[in-house]
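Written below as C-alpha cells is the structure these notes are about.
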Amino acid sequence: MYEQPNDPLHGVTLEQIVNRLVEYFGWDELGQLINIRCFNHDPSVKSSLKFLRKTPWARKKVEELYISKHKNMSLWQGRDV
C-alpha cells in the first residue's frame, strides 16, 4: 500500500478531523475560527458532518485549519494525529 507521509489528510476521515479539532479547540473557539452555524448553534459532530459533506467551501476551511494545526495537535495529544 502506498503511504503519503507528507499529507496530513491521508487516511483521516472528516469525522476524525472534526473530533480532533473539537477536542483541541472546543466548540466555542472552533466556531470563532470558522464562523459557520453548525459550530456556533447547538453544535454536534453529526450536524457538522452533515453540513460539511454538502458544503465544499466549509469543508475546505475545516481541512485547512486541521492541516495548519496538525503538528501542534500531535504534540498536545502526545501521539500522532
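The values are calculated or read from the model by the stated rules, or taken from the named source; none is laboratory data. Source: prediction; values computed, not measured. All Cβ positions, even for glycine, are placed from backbone atoms using ideal geometry, and neighbour counts span all protein chains on display.
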Return a yes/no flag: does segment 13-24 have any residue that is among the basic types (Lys, Arg) and under 10 Å from the mean Cα position of the chain (by Cα).
yes
Evaluate segment 5-15: report whether one residue or more is surrounded by fewer than 12 Cβ atoms within 10 Å (Cβ to Cβ) and modelled with pLDDT of 95 or more.
yes
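Give the residue that is modelled with the lowest pLDDT, with candidates limited to residues of segment 61-76 that are under 18 Å from Glu29 (Cα atoms) and exposed (fewer than 14 other Cβ atoms within 10 Å of the Cβ).
Going through the qualifying residues, I end up with Trp76.
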Tally, over segment 20-36, of residues that are exposed (fewer than 14 other Cβ atoms within 10 Å of the Cβ) and at pLDDT below 95
1
Run Lys54 past the list (1) at pLDDT below 95; (2) loosely packed, with under 11 Cβ neighbours inside 10 Å; (3) out of contact with any Ser or Thr (no Cβ under 8 Å at 6 or more places or on another chain); (4) not hydroxyl-bearing (Ser, Thr, Tyr) and report the number of the one that doesn't hold.
(1)
